[in-house]
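S.K.: Can you read through this structure? Questions will come right after.
The values are calculated or read from the model by the stated rules, or taken from the named source; none is laboratory data. The model shown is predicted, which means the values in this text are computed figures rather than measured ones. Here the Cβ is made from the backbone with ideal geometry for all residues, glycine too, and neighbour counts use every protein chain on show.
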Amino acid sequence: MSVLSALFGRGAVNVAGARGLLDEGAVLVDVRSAREFRGGHAPSARNIPLDQLDRRAATLPAGAPVVVICHSGVRSAQGASILKRHGFDARSVRGGMIAWERAGQRVAR
């Protein structure tokens, strides 16, 4: 399996899939920097920058599915991988906030 298919294959969902998971109670984690997050984020997102995710994973509710988002999908794929190693059912949003906004989802600024 190539690195790209490992990052973007299984575990990645489109915006509609992410929205469905969130509607069912999944936690949304935005792994962008605090500055990027302040520039616009999904309203229910919790900001845990990627470089802090490994040590802060335990702050997430145990057993809850997690949807991970970033700007374009690269960091969120890495974040989902980190959370899977911590035992979470984690999915990355394919296309990140770019796709989120293009799909007409709300953005808090």
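S.K.: Which pairs turn up if I take residues in the stretch 64-91 that are over 13 Å from Asp30 (Cβ atoms) and look for partners that are in a loop (DSSP other than H, G, I, E, B) and among the small types (Gly, Ala, Ser) with beta carbon separation below 6 Å, at least 6 apart in sequence or on another chain?
M.R.: Pro65/Ala26; Arg91/Gly11
Quick grid of which residues meet (1) touching a strand residue (DSSP E or B) at 6+ places or on another chain (Cβ under 9 Å); (2) among the β-branched types (Val, Ile, Thr):
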residue	(1), (2)
Ile48	yes, yes
Ala58	no, no
Pro61	yes, no
His71	no, no
Gln78	yes, no
Ser81	yes, no
Phe88	yes, no
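S.K.: Please count how many residues of the stretch 73-106 are on the phi > 0 side of the Ramachandran plot and either surrounded by fewer than 17 Cβ atoms within 10 Å (Cβ to Cβ) or among the basic types (Lys, Arg) (or both).
M.R.: Residues in the stretch 73-106 being on the phi > 0 side of the Ramachandran plot and either surrounded by fewer than 17 Cβ atoms within 10 Å (Cβ to Cβ) or among the basic types (Lys, Arg) (or both): 2 in total.
S.K.: Separate question: Looking at Gln78, Gln52, Gln105, which one is outside any loop (DSSP other than H, G, I, E, B) and more than 19 Å from Gly11 (Cβ to Cβ)?
M.R.: Result: Gln52 is the single residue among Gln78, Gln52, Gln105 that is outside any loop (DSSP other than H, G, I, E, B) and more than 19 Å from Gly11 (Cβ to Cβ).
S.K.: Name the one entry in Gly25, Gly63 that is out of contact with any Leu (no Cβ under 6 Å at 6 or more places or on another chain), part of a loop (DSSP other than H, G, I, E, B) and at pLDDT 95 or above.
M.R.: It is Gly25.
S.K.: Cβ-Cβ below 6 Å, separation at least six or inter-chain, first residue in the stretch 29-45 and in contact (Cβ under 8 Å) with a residue 40 or more places away in the chain and over 15 Å from Arg106 (Cβ atoms), second of a type in the set (S, T, N, Q) and not in a loop (DSSP other than H, G, I, E, B): which pairs?
M.R.: Close Cβ pairs (under 6 Å, with a partner that is of a type in the set (S, T, N, Q) and not in a loop (DSSP other than H, G, I, E, B)) amount to Val31/Ser76.
S.K.: Also, quick follow-up: Find the residue count for the stretch 81-102, including only residues that are farther than 12 Å from His41 by Cβ, part of a helix (DSSP H, G or I) and hydrophobic (A, V, I, L, M, F, W, C).
M.R.: Total satisfying the criteria: 4.
S.K.: Tell me yes or no: at least one residue of the stretch 60-72 is exposed (fewer than 14 other Cβ atoms within 10 Å of the Cβ), within 16 Å of Gly11 (Cα to Cα) and out of contact with any helix residue (DSSP H, G or I) (no Cβ under 8 Å at 6 or more places or on another chain).
M.R.: yes
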